[in-house]
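Below you'll find the structure, written out as structure tokens, and then a few comments.
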Amino acid sequence: MAFIIDGKKISQEIKDELKEKVNEYKAKGIQITLAVIQVGGDPASGVYVGNKKKACEYIGIRSLAYELPEETTEDELLSLIEELNDREDVNGILVQLPLPEHIKEELIIQAISPAKDVDGFHPQNVGALSIGQKGFVSCTPSGVIQLLKRSGIEIEGKECVVIGRSNIVGKPMALLLLRENGTVTVCHSRTKNLKEVAGRADILVVALGRPKFINQDYIKEGAVVIDVGIHRDENNKLCGDVDFQDAVPKVSAITPVPGGVGPMTIAMLMHNCVESVRPVD
Ligand code: NAP
């Protein structure tokens, strides 16, 4: 029977460990502060920002909320980031994406000091990951690594296939699996014979952004399947990129949606915030 990887439980464990660390810092007079910037009133972004604030509260991290109007200019946002980069009492800066169309995301990501880039999106942090140096790592893929490790699933020497090559999930995911000594293949929309390539995986990480796209035809008997996708199905219920019901009889372990990868992203953001008070490792 398949082992259902419990992201809710594992993320709670991580948050509780972090809470303890934050208390130790507090006892030494060190307060951790995360600045969260949201531009415009996108309801989904509002929910994400709210969840991040709640997690900060739980762990004991001070959060500063900047809710800027939709018409905020690129220059105004850049000068706020500059101010926060210079503030010694701010450890982490997070700009909620997506931004309104008139603001170039790339420019904003690059304006955040790499030492405060708790999302791990700055090219310096991405570069550090690719050459095995210390730096902040993107939260969703580092959450996947924690799910695997804390479920006792070994990565070393395994055939790992990542479906998706986005900058925030697929590419850092592949680099992290490589760092853990997996043998890594990355698939994308131009991959030929996806079923055959995915079917080789001992560990299959799916981040392609299409609801229930991956069924058991793409999965090797006994594989571990990690579903990063998040969607609403025809009945408005949350689902992933994997057709869970179809896949589950064939796998040895699988993450559900909701309750799999999703909760890990915020837990790892909190991890990065805690790491931001000292040189990152
Ligand atoms: P994205 O930027 O849209 O990237 C999707 C990737 O999948 C691309 O590399 C694309 O290939 C590839 N792809 C698309 N269709 C494909 C197909 N038919 N066959 C093979 N590859 C295909 O998406 P993302 O930001 O990485 O997110 C992926 C999913 O994860 C989404 O459902 C998103 O909502 C979810 N997500 C969840 C969390 C979380 O916290 N749980 C966080 C982030 C994202 P090309 O590069 O060739 O276009």
Quiz prompt | Computed helical MRE - 222 nm, the chain, DSSP H runs ≥ 4 contributing -39500 (n - 2.57), nearest 500 | solution = -12000 deg cm²/dmol
Quiz item: What is the list of residues in segment 101-115 whose amide nitrogen lies under 20 Å from a point 7 angstrom out from the Cα of D75, following Cα to Cβ?
Solution: 101-112
Quiz item: For the chain, what proportion of DSSP beta bridges, expressed in % and rounded to the nearest 5, is antiparallel?
Solution: 5
Quiz item: What's the longest piece of the chain with no exposed trypsin sites (Lys or Arg not before Pro), counting a site as exposed if DSSP puts it in a loop and it has at most 10 other beta carbons within 10 Å?
Solution: 29-189
Quiz item: For segment 171-265, what is the accessible area per residue in Å², given a 1.4 Å probe and the full set of protein chains?
Solution: 48
Quiz prompt | Gyration tensor over alpha-carbon atoms, the chain, equivalent ellipsoid semi-axes in Å | solution = 32, 21, 18
Quiz item: Counting other Cβ atoms within 10 Å of each Cβ, which GluC sites (Glu not before Pro) in segment 148-202 have at most 13 and sit in a DSSP loop?
Solution: E156
Self-check item: Members of K104/K212; K9/K54; K104/K134; K15/K212 lying beyond 21 Å, as alpha-carbon distances in this model show
Solution: K104/K212; K104/K134; K15/K212
Exercise. With the full set of protein chains in place, find how many percent of the accessible area of the chain is carbon and sulfur; take the probe as 1.4 Å.
Key: 50
Exercise. Would you work out which of Q110, N51, G29 lies farthest towards the positive end of the dipole of segment 1-155, given +1 charges on the beta-carbon of Lys and Arg and -1 on that of Asp and Glu, about the Cα centre?
Key: G29
Practice problem: At 0.36 nm per residue, minus the direct Cα-Cα distance, what do R200 and E82 gain on full extension? Give it in nm, one decimal, please. | Solution: 37.8 nm
Self-check item: Pairwise centroid distance, computed over Cα atoms, of segment 1-74 with segment 155-183, Å
Solution: 25
Self-check item: GNM flexibility winner over the chain from I168, I109, I131 (Cα, springs under 10 Å)
Solution: I131
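The values are calculated or read from the model by the stated rules, or taken from the named source; none is laboratory data. Nothing here was measured: the structure is a model prediction, and the numbers come from that model. A quick note on method: Cβ atoms are made from the backbone with ideal geometry, for glycine too, and the neighbour counts reach across all protein chains shown. These area figures cover heavy atoms from the full protein model, side chains too; ligands, DNA and RNA do not enter into them. Shrake-Rupley method; radii C 1.70, N 1.55, O 1.52, S 1.80 Å.
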